[in-house]
Every structure is written in structure tokens, then in C-alpha cells.
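Below you'll find the structure, written out as C-alpha cells, and then a few comments.
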Amino acid sequence: MAFGRSLLLGAWLIGIAGPVAAVVHEVDAAASCPGSGTSAAPYCTIGAAAAVAVPGDVVNVAAGIYREQVSPPASGAAGLPITYRGAPGARIHGTNDLSGAGWTLASGTTYEIAYDPDTNPAQVFVDGKKLAPSAAGPGAVPVNGFFYDGVAHVLYVNLGGDDPGRHDVEAGARSFGFDVNGRSYIVVEGFEVRGHNTNGIRVRSSSHVVVRGNRVLQAASFGLVADGTTAPTTTGPVEISGNEILENGDAGLRLRNNVVQATVSRNRSHHNDNHGLLATQTSASVFSGNVFYANARPGGASTTGMHLAGDSDGNRVERNLAYRNQDTGFQLSDGADANLLVRNVSWGNGDHGFDVRECDGARIVSNTAWANVNDGFSIEDNVSNAYLRNNVASDNGLLTNGNDLFVDATSTAGFSSDYDVFHRSTAGGNSIDYAGAEFTAVADFAAATGNEMHGSSANPNFVDPDGGDLHPGLGPAIDSADAGASGFQPLDFDGRAPIDVSSVPDTGAGVPTYADRGALERIDTAPVARLRVTPKPANVGQLVTANGSASSDDAGIVSYRFAWGDGTADTVQSGPVATHVFARKGNFKVRLTVTDGAGQASTVQSAVNVKAVKTKPVKGKPSKVKRAAKR
Ligand SMILES: [Ca+2]
Ligand SMILES: [Ca+2]
Ligand SMILES: [Ca+2]
């Protein structure tokens with residue numbers, strides 16, 4: 001009994017003492033091994049620190065090259081993650097350096113070296129360039145190719161004559177940079193992770209893991225993976241944010257096998273050999289603020305910016321940008337149901353801007369598609385209940401007989417669209433193809449189908465599309481969106497709130513009635529101040545009028561500030577006209593500052609010469625000025 005009580009007391013004491021102070025374990029590749037993790041004697045490997053890190057600890061990794069796979073052996077705890085933090089220049093390489101001696105001529109121009117890494121090399125880089133893998137055996141390695149004998153553990157490289165040892169040779173050696181498997185409360189941030197045989201960073205069957213601010217490149221397969229393995233195992237919630245993911249051999253970002261509640265935000269995924277992002281069986285997740293561009297599979301034709309497939313349901317895809325990808329910018333397919341795409345921008349992609357296939361209940365709201373090679377918005381292959389509102393599509397499919405909106409005959413069940421802009425700047429071709437019926441004008445489509453009763457075919461007048469600026473100019477997109485649309489998001493792609501352009505009638509629906517169509521709200525431009533002061537010159541004691549009514553602003557001026565230049569208080573008011581009496585002579589600079597509702601200001605000034613009143617002295621009668629002074 002007494003023993004039990006002391007245990008309880010002990011636990012209580014620990015409780016009031018709070019958590020033990022977090023330990024920072026220092027790691028430096030240049031330190032003497034093994035080290036002890038202090039600043040004076042850092043560990044020489046990340047793994048040595050990982051082996052001792054407990055919840056709340058930080059593994060602080062100095063700049064340098066680390067040729068090891070980090071598989072965190074312990075989890076953190078709620079509020080006490082174990083953080084792996086790379087300093088700028090902290091690089092985890094998936095390859096080993098095979099330059100220097102050790103290579104011998106095998107046959108012809110093919111050289112060989114004994115090589116037995118942790119996992120068989122999937123890639124070999126010579127002077128930074130990838131060699132072609134060959135399965136043809138040591139006697140038939142093509143020039144600029146390699147063959148690996150996984151039984152004899154020999155690597156063969158053919159550079160067409162040169163000894164590889166005289167070049168910079170990096171050969172695949174490890175599967176992952178970070179393999180977070182079955183862990184929780186882990187943070188991985190700030191690393192460059194390069195050249196792995198499988199993935200740069202993999203998070204598998206884990207939860208409360210944060211992967212942020214890393215650069216993940218040249219993995220043989222996917223760059224960065226969240227993998228739930230199979231149900232009922234789940235990965236999530238996880239955060240994947242602010243990473244740059246490039247030049248990987250498959251999709252840059254890959255979520256699969258029962259991932260839930262992932263937050264994938266502000267990543268840049270580009271120049272990968274497959275999709276910028278591919279998600280299957282990924283649900284209730286948010287994808288926001290990501291950029292996907294220039295993803296293309298050599299010899300392929302189906303590499304998208306971002307693709308939700310394979311029963312990825314109930315996700316929110318918001319404020320992402322996809323451009324110049326080999327295939328479609330944003331794609332839903334294969335039973336990816338009840339997803340919302342809102343405020344995304346897709347331009348210059350090799351197929352559609354947005355492609356919705358084989359799914360139910362897609363909401364496509366306030367997106368912008370411009371100059372995609374095929375259709376702007378394509379709804380095809382047994383889609384049901386597609387819902388489009390507030391989108392802007394312009395000049396898609398001009399050279400391919402494509403359309404701004406394409407709906408095939410299998411996808412009209414429950415289809416609904418309104419408040420969209422479908423525009424073509426060239427004659428010929430059709431803006432809309434609906435179940436085989438073609439329409440040049442949105443009004444004709446509306447008359448035929450009842451959709452787009454508030455739609456428009458007019459030019460959205462993008463500010464500078466060739467320069468990548470797809471903000472709407474004055475035209476059909478301004479103050480005309482349905483803010484009551486399901487899934488509508490008032491903050492636009494840039495995070496700006498709608499403004500009411502005073503010169504444009506508000507024809508939108510919901511609240512407010514002045515949101516704009518498309519992913520981008522019209523930018524609130526700065527006001528222009530204009531000022532006229534009368535009379536000029538003026539006399540001391542005379543009423544002077546400062547008129548700012550020629551000032552202008554796109555959304556309206558909310559404040560006029562008049563500074564008189566004579567030391568008296570400024571006049572601040574909501575109206576454009578103010579008056580003043582100068583009590584002394586002089587040259588005064590009257591300044592008008594106008595401010596709009598966004599706090600943007602503009603100032604103009606006007607000089608006014610105020611003269612003393614010359615009066616003839618009249619005997620027995622004080623001058624008007626003197627009379628005024630006596631009152
Ligand atoms: Ca507006
Ligand atoms: Ca308006
Ligand atoms: Ca303005």
C-alpha cells in the first residue's frame with residue numbers, strides 16, 4: 001500500500017514539474033565519430049541522434065552530406081514532437097560516391113567495380129547526368145548506360161571509353177532519405193534529400209507527422225510519399241508543406257492506400273517524370289496553395305499537374321496553380337467522389353485545364369482555365385452530378401477543336417452549371433460541346449439546356465495572360481459571381497477578398513453580390529487624386545474652395561484629407577469639397593490625399609498665392625480687414 005502511494009506521489013510530482021526540458025542533439029557530418037550530440041562534440045550521423053531522441057527533442061543537423069537512411073526509431077508525443085531539422089546545406093544523399101580508383105575495364109568500353117550497397121542501385125549519375133539502366137548483362141551495356149549484377153554485386157558502367165573513376169560518379173545505395181514508418185509526432189524539415197533508390201521521404205502508417213520546407217529531388221520513384229499501407233491502417237493526419245519536389249522518376253508527390261486528413265500546402269512540384277501530385281484512396285484532405293508545372297513523362301502523354309483518383313473522396317482542392325504540364329492541369333477520375341475544386345488556376349497544359357471523369361458530385365467552383373491545349377473544363381466518362389459555378393474559361397482548345405466546356409453524353413445526369421464565363425477570342429470553333437450539341441454562344445446553350453442562365457460568352461479581359469496574370473479586367477467576370485454557390489470561397493487565389501467595383505453594377509447572387517468569377521478577384525487599384533483650388537490667387541480672409549471631385553478610384557474613395565499648408569489643422573472628410581480661409585499672406589501648398597477602402601492612398605498638391613488685402617486708408621473708417629480683426 002505504501003509502495004503504491006509513493007508511485008502515485010512520484011507520478012504527481014513529475015506532473016507538476018512539467019515535461020523534462022527538450023534536448024537538442026547536434027549532428028555534424030564533419031565531426032569526429034561517434035560524438036556525443038553536444039555542440040562541442042556533435043554526433044557524426046543523424047541515426048546516432050535518432051537512436052536517443054525522446055519526445056520533445058530536436059535533432060539539429062549541420063550543413064554537410066549525409067549518406068545514411070534515417071528511419072526514426074521512436075515517436076514523439078502530442079505537443080512534444082521529435083523534430084529533425086536540417087540547417088541550410090544539410091543534404092541526405094541516396095547515392096554513394098564511386099569516383100576515384102577502383103574501376104577496371106571489363107570489356108569494350110565498359111568498366112566494372114565491386115559494389116554492395118544497402119539496396120541495389122536504381123540510378124547512377126555521372127557528372128550529375130543520369131545513365132540509362134540496362135538489363136542486358138555486363139557485355140551489352142549501352143554507351144551512357146549501366147548494369148548492376150545483384151548476385152555478384154558488381155556495377156558496370158559504359159561511358160564510351162572513359163574510365164568512370166575520372167568522373168563524378170554517384171550510384172544509388174539506399175531506398176529512402178527519411179522512412180517514417182509506424183510513428184507519430186515527427187517533424188522533418190529543412191533537408192535536401194537527393195537521389196534515392198525508391199523515395200526521398202516516405203511517411204507510412206503514421207500520424208501527426210509534419211514534412212515541411214524540404215527539397216526532394218531525383219528519387220528513382222516518387223519523391224515524397226504518404227502511404228497508409230492498406231485499410232484499416234491509416235496515415236493521417238499529416239502535413240506536407242512548403243517542400244520543393246523535382247526531377248523524380250515518378251510522381252513528385254504521392255498519397256495512397258488509405259490516407260486521411262492530409263494537409264498538402266504550398267509545395268512546388270515540377271519537372272518530375274510523372275504527375276506533380278497523384279493521390280489514390282486519399283480522403284478528407286486539403287490541397288492548397290500548391291504549384292504544379294512542367295511535369296512530363298518522356299514519351300508519355302498522361303502526366304497531370306494534380307490527379308485525384310482511385311476513390312479519393314471528399315477532398316478540398318483550393319488555390320492551386322497548374323501550368324505547362326504534359327497532360328491535364330487538375331484531374332479527378334476513377335471514383336474520386338464529392339471533391340471540391342475552388343479558386344484554382346490552370347493554363348497552358350497539354351490536355352484539359354480541368355478533367356472530371358468517372359466520378360460523382362464534383363463541385364468545380366471559381367476556377368480559371370486559359371489556353372489549355374484541349375478543353376478548359378472536360379466532364380466525361382460517366383460523371384454524375386457535376387456542379388459548375390463561377391468559372392472562367394477562355395481560349396481553350398483553339399488549335400484542337402476543343403471547347404471551353406465539354407460534357408459528353410454519358411455525363412449529363414445531374415449536371416448543373418451557371419454563372420460561368422466561356423469565351424473564345426477567335427471566330428470558328430465552339431465554346432461549348434454538350435452531349436454532342438455544339439454552341440458558339442453561352443446564351444444558346446442556356447436556351448437549349450437551362451444551364452448558364454447567368455452565363456456569359458464575353459471576354460473576361462485578363463490583365464496580362466501571356467505574362468501569367470489572369471486577373472479579370474472590366475468585363476463579364478466583375479461583380480457577377482454567385483457567392484451562394486456550394487463550396488464558394490470568398491478569398492481568391494491570392495487570398496484577397498472581393499471588392500465592389502463602383503462603376504460596374506453588381507449582378508452576382510448571394511453575399512456579397514460583387515464577388516468576381518474565376519479564381520482571381522479583380523485587384524483593387526490605387527486611387528488617383530485630383531485637386532482644383534479656387535480662387536487663385538486668393539486674398540487673406542477670403543473663402544477658398546479645394547475641390548477634389550475629379551479624383552477617382554475603381555472601388556470608391558473613402559477619405560479626403562486636405563492639408564492647407566499654413567499650420568492649421570487638416571480637414572478630413574468623406575466628401576471631395578472643402579473650404580478654408582487663410583489668415584495671413586504667403587505661398588501655401590494645399591495637399592489633397594485620397595484613400596480607398598483598401599487603404600491605398602494618392603496625394604496631389606496645388607500652390608496658392610494668398611495676398612494681403614490692399615486697402616486705401618479712409619479717414620475715420622477702419623479697413624474691412626481691421627473691422628474683421630476687431631470682432
Ligand atoms: Ca468584384
Ligand atoms: Ca459594383
Ligand atoms: Ca481602389
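Using the alpha-carbon centroid of each, what span in Å lies between the range 538-562 and the range 408-475?
Going from one Cα centre to the other spans 44 Å.
For the range 573-616, what log10 I(q)/I(0) values come out of the Debye formula at q = 0.15, 0.34 1/Å, with one point per alpha carbon and no solvent?
The calculated log intensity ratios at q = 0.15, 0.34 Å⁻¹ are -0.54, -1.25.
With a ≥ b ≥ c taken as the square roots of the eigenvalues of the C-alpha gyration tensor of the range 348-523, please select rounded if a/c is under 1.5 and otherwise prolate if a/b is larger than b/c or oblate if it is not?
Numbers: a/c = 1.59, a/b = 1.31, b/c = 1.22.
Verdict is prolate for the range 348-523.
Could you compute how fast the range 349-443 diffuses translationally, taking Rh as the Kirkwood radius over C-alpha pairs and applying Stokes-Einstein at 10 °C with viscosity 1.306 mPa s? Give it in µm² per second.
On the way: Rh = 12.7 Å.
Result for D is 125 µm²/s.
Please list the non-local residues whose amide H lies under 5 Å from the amide H of residue 120, H modeled 1.01 Å from N, same-chain partners needing a gap of 5 or more.
Amide H neighbours of residue 120: none.
Report, in deg cm²/dmol and to the nearest 500, the calculated mean residue ellipticity at 222 nm for the chain, where each DSSP H run with n ≥ 4 adds -39500 (n - 2.57) and the sum is divided by the residue count.
Numbers: 4 runs with 36 residues, N = 631.
That comes out to -1500 deg cm²/dmol.
Is the range 97-171 best put as rounded, prolate or oblate by its Cα gyration tensor, with a ≥ b ≥ c the root eigenvalues, rounded for a/c under 1.5, and otherwise prolate when a/b is larger than b/c, oblate when not?
Values: a/c = 1.23, a/b = 1.06, b/c = 1.16.
Since a/c stays below 1.5, the shape of the range 97-171 is classed as rounded.
So which trypsin sites (Lys or Arg not before Pro) in the range 102-174 pass both tests, a DSSP loop state and at most 13 other Cβ atoms within 10 Å of the Cβ? Walk me through the numbers before you get to the answer.
Numbers: sites: 129, 130, 166, 174; in loops: 174.
Qualifying residues, ordered by number: none.
Given N residues in the range 405-489, what is Rg(Cα) / (2.2 N^0.38 Å)? Intermediate results must be reported in sequence, preceding the final value.
Working: Rg = 13.8 Å, N = 85, 2.2 N^0.38 = 11.9 Å.
Normalised Rg, Cα atoms only: 1.16.
Of all the C-alpha pairs in the chain, what % are more than 44 Å from each other?
The calculated P(r) of the chain puts 43 percent of pairs beyond 44 Å.
Once Rh is set to the Kirkwood radius over Cα pairs, what Stokes-Einstein translational diffusion coefficient, in µm²/s, holds for the range 160-212 at a temperature of 10 °C and a viscosity of 1.306 mPa s?
Numbers: Rh = 13.1 Å.
For the chosen part, D equals 121 µm²/s.
Based on the alpha-carbon gyration tensor of the range 189-231 and its eigenvalue square roots a ≥ b ≥ c, which shape applies: rounded if a/c is under 1.5, prolate if not and a/b is larger than b/c, or oblate?
Values: a/c = 3.59, a/b = 1.31, b/c = 2.73.
Cα axes put the range 189-231 in the oblate bin.
When ranked by the protection proxy of mean other Cβ atoms within 10 Å per residue, highest first, what sequence do the peptides 195-207, 525-537 form? Show your work: numbers first, answer last.
Working: 195-207: 25.5, 525-537: 16.5.
Descending mean neighbour count gives 195-207, 525-537.
Taking all pairs of different Cα atoms in the range 38-82, averaging 1/r and flipping that mean, what Kirkwood radius in angstroms comes out? Please report the intermediate quantities before stating the final value.
Numbers: mean 1/r = 0.0880 Å⁻¹.
Result for the range 38-82, one decimal place: 11.4 Å.
How far is helix 2-17 tilted, in degrees, relative to the longest principal axis of the Cα atoms in the chain, given as a value from 0 to 90 rounded to the nearest 10?
That works out to roughly 50 degrees.
Between the range 323-393 and the range 116-181, how many Å separate their Cα centres?
Between the Cα centre of the range 323-393 and that of the range 116-181, the gap is 40 Å.
Looking at the chain only, what percent of DSSP beta bridges run antiparallel? Nearest 5 please. Mind showing how you got there, number by number?
Details: 55 of 179 bridges.
Antiparallel bridges make up about 30 percent of those DSSP assigns within the chain.
None of the figures in this text is laboratory data; all of them are computed from the coordinates on show. Not measured: the values here are computed from a predicted model. FYI the Cβ positions are ideal-geometry reconstructions off the backbone, even for glycines, and counts take in every protein chain you see.
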